[in-house]
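Peer 1: The structure under discussion is supplied below as structure tokens; questions concerning it will follow.
Computed from the coordinates by the stated procedures, all read-outs in this text should not be read as laboratory data. Just so it is clear, the structure is predicted and the values come from calculations on it, not from any experiment. All Cβ positions, even for glycine, are placed from backbone atoms using ideal geometry, and neighbour counts span all protein chains on display.
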Amino acid sequence: MISGDSVPIQVSGVLDYRLAEEMVVYDPVRSQAASLNGTARALWDLCDGSRSVHMLCEEIVKRFDVSHEEASSQVQSAVEQLCELGLLCV
Amino acid sequence: MRVERHKAFAEKIAIIETADASSSVIYVTFGTHHICVCSNNRAMLWHVARNISPMLTLEPIGTTAIGMFYIDEQQGGFLVGEEDCSEQRFDELGDAVRSLHHTLIKRFIDSRSDLVWIHAGAVTFGGEALLLVAPTGHGKSTLVGEFLDWGCSYLSDDVAPIDPISWGVLPFPVSPWKRVSSQARVPAERLHEVPKVPVQLLPTAIGMGRAPLRQIYFLCHDERLETNSIAPCSPAAMVLEMARNSFTSEEHRVGEIARLCALAHRVPAAYLNYAGAPIAARQIINALAASPSHR
């Protein structure tokens with residue numbers, strides 16, 4: 001379960017490819033891939049192990065035109081999905 | 001060596017008999033490679049040949065041999081194998097032919113790991129390639145058949161090799177087949193029950209060389225749809241869809257993802273949600289004819 005204090009970090013060895021506003025992330029070990037839209041791409045870049053989910057929400061609110069509530073829901077969901085795919089870990 | 005030509009589905013199939021008439025041979029070619037298939041039963045070899053007849057050659061000159069396979073009848077069963085390798089036995093001829101067909105395609109794929117191999121139909125329109133990407137049972141062959149009726153050239157109805165340097169689609173012209181149903185709409189889960197019939201293919205309808213890729217369509221067949229729709233597919237989604245429908249082995253997957261990302265920068269992709277192939281093909285032809293190529 002991801003909490004506000006969880007600190008997500010990109011799994012070592014995962015490759016990322018920038019495609020205009022989007023991104024493709026690929027884990028060659030697990031052969032898992034995901035496509036990220038602009039917001040998810042920004043989130044991915046922020047997941048360097050130095051920010052909690054709370055802090056990630058604050059960054060997303062600053063960068064995008066979304067409310068704190070929306071950002072919280074989107075960040076929580078995206079982090080959970082990327083963790084399930086083994087692309088992020090907490 | 002005696003050469004005979006068998007007429008089948010308005011195509012000519014080259015089956016070559018060895019000098020001592022003990023076996024028959026076909027040569028299957030793709031680009032600069034060829035595979036030899038022989039059999040002790042010419043009628044049986046004909047079943048293999050008719051599925052790949054546009055790829056057969058009478059004499060493989062200047063191409064590299066990448067395999068020598070056989071399909072033999074023996075004691076009421078059928079043996080499929082490769083020279084000096086293990087063989088498989090089948091009780092049904094259809095199973096033996098299907099297994100050999102897939103083995104031949106896999107050998108070509110393995111021999112050209114420099115290409116991106118996609119599970120897709122491919123035709124050319126105005127000299128440029130359209131890629132119709134989908135898993136089995138989503139209407140690739142049927143849609144390809146419809147495009148041929150519109151004067152498009154045939155590249156493949158199942159396997160599309162893409163050159164990642166020129167981003168051209170190479171011809172891989174296995175014999176095209178399409179499903180013909182007496183019902184207007186068939187549920188997706190019952191599509192496999194609809195019989196396939198060969199598509200009449202004139203030799204002049206087969207694309208001879210690589211064609212620059214103009215547009216990629218990901219097919220979503222749904223017989224419940226009232227109207228067809230073409231929705232844009234973002235570059236990142238395109239990469240994932242292509243990777244899902246790729247024949248590339250895991251060991252080459254990293255390189256392929258990078259290549260697909262490069263492709264996504266250059267070629268537009270869309271989801272084609274459709275119920276009927278004839279209308280979908282017409283809509284695409286009209287849309288392409290109305291818009292200039294991005295090249």
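Peer 1: Give the Rg/Rh ratio for segment A:13-85, taking Rg as the radius of gyration of the Cα atoms and Rh as the Kirkwood radius, to two decimals.
Peer 2: Here the Rg-to-Rh quotient is 0.96.
Peer 1: Do any GluC sites (Glu not before Pro) in chain A lie in a loop, going by DSSP, with at most 16 other beta-carbon atoms within 10 Å of their beta carbon, and if so which?
Peer 2: Filter output for chain A: A:Glu21.
Peer 1: What is the set of long-range amide H partners of B:Gly127 at a cut-off below 5 Å, with H atoms built 1.01 Å from backbone N?
Peer 2: Answer set, sorted by chain and number: none.
Peer 1: Something else about it: Output the 0 to 90 degree angle, nearest 10, between the alpha-carbon long axis of helix B:253-266 and the longest principal axis computed from the alpha carbons of chain B.
Peer 2: Helix B:253-266 sits roughly 50 degrees off the main axis of chain B.
Peer 1: Next question. Grab the eigenvalues of the alpha-carbon gyration tensor for chain B, scale each by 5, take roots, and send me the semi-axes largest first in whole angstrom.
Peer 2: After scaling each eigenvalue by five and taking roots: 33, 22, 18 Å.
Peer 1: Here's another thing I want to ask about it. Relative to the compact-globule scaling 2.2 N^0.38 Å, provide the ratio for the alpha-carbon radius of gyration of segment B:116-290. Could you put the intermediate results ahead of the total?
Peer 2: Details: Rg = 15.2 Å, N = 175, 2.2 N^0.38 = 15.7 Å.
For segment B:116-290, the normalised Cα radius of gyration comes out at 0.97.
Peer 1: Quick check on chain B: of the DSSP beta bridges with both residues there, what percent are antiparallel, nearest 5%?
Peer 2: Of the beta bridges lying entirely in chain B, close to 75 percent run antiparallel.
Peer 1: Follow-up question, since we're still on this one. May I ask you to evaluate 6.51 cos²θ - 1.76 cosθ + 1.60, the Karplus curve with θ = phi - 60°, for each residue of segment B:124-138 and list the ³J(HN,Hα) values in order in whole Hz, giving x for glycine and proline?
Peer 2: Per-residue couplings from phi come out as 10, 10, x, x, 10, 8, 10, 9, 10, 9, 5, x, 4, x, 9 Hz.
Peer 1: Could you compute how fast the protein assembly as shown diffuses translationally, taking Rh as the Kirkwood radius over C-alpha pairs and applying Stokes-Einstein at 25 °C with viscosity 0.890 mPa s? Give it in µm² per second. If you can, show how the numbers build up before the last one.
Peer 2: Working: Rh = 23.3 Å.
My calculation gives 105 µm²/s for D.
Peer 1: Under 8 Å for C-alpha pairs, at least 6 residues apart: give me the relative contact order for chain A, rounded to a whole percent.
Peer 2: Numbers: 130 pairs, mean separation 33.6, N = 90.
Rounded, it is 37 percent for chain A.
Peer 1: Can you list residues from other chains, or at least 5 along the same chain, whose modelled amide H is less than 5 Å from the amide H of B:Thr248?
Peer 2: It is B:Trp117, by chain and number.
Peer 1: Distance in nm between label sites at B:Asp110 and B:Ser249, each 7 Å beyond Cα in the beta-carbon direction?
Peer 2: Result for the modelled spin labels: 0.6 nm.
Peer 1: So if I take the centroid of the Cα atoms in segment A:5-20 and the same for segment B:87-107, what is the distance between those two points in Å?
Peer 2: The distance from the Cα centre of segment A:5-20 to that of segment B:87-107 comes to 43 Å.
Peer 1: OK, next. Students often get this wrong: which residues of segment A:69-84 have the backbone nitrogen under 11 Å from the point 7 angstrom along Cα-to-C-beta of A:Asp16?
Peer 2: No residue passes the distance filter.
Peer 1: Computed from the mean reciprocal separation of all distinct C-alpha pairs, what Kirkwood hydrodynamic radius does segment B:166-268 have, in Å?
Peer 2: 16.8 Å
Peer 1: Across the protein assembly as shown, how many lysine pairs, 8 or more apart or on two chains, come within less than 30 Å at their alpha-carbon atoms?
Peer 2: Lysine pairs satisfying the spacing and distance rule in the protein assembly as shown number 14.
Peer 1: Another question, if that's okay. So what is the relative contact order of segment B:116-290, in percent, for Cα pairs below 8 Å that sit 6 or more residues apart?
Peer 2: 27 percent
Peer 1: How far is helix B:140-149 tilted off the main Cα axis of chain B, in degrees rounded to 10, range 0 to 90?
Peer 2: 80 degrees
Peer 1: Specify the angular offset, from 0 to 90 degrees and rounded to the nearest 10, of the alpha carbon long axis of helix A:53-63 from the longest principal axis of the alpha carbons in chain A.
Peer 2: 80 degrees
Peer 1: May I ask you to compute the full-extension gain from B:Glu226 to B:Ser291, defined as 0.36 nm times their residue separation minus their alpha-carbon distance, rounded to one decimal in nm?
Peer 2: Using 0.36 nm per residue and subtracting the Cα-Cα distance, I get 20.9 nm.
Peer 1: Grab the beta carbon distance between B:Leu58 and A:Phe64, set R0 = 56 Å, and tell me the FRET efficiency rounded to 0.05.
Peer 2: Efficiency at R0 = 56 Å is approximately 0.30.
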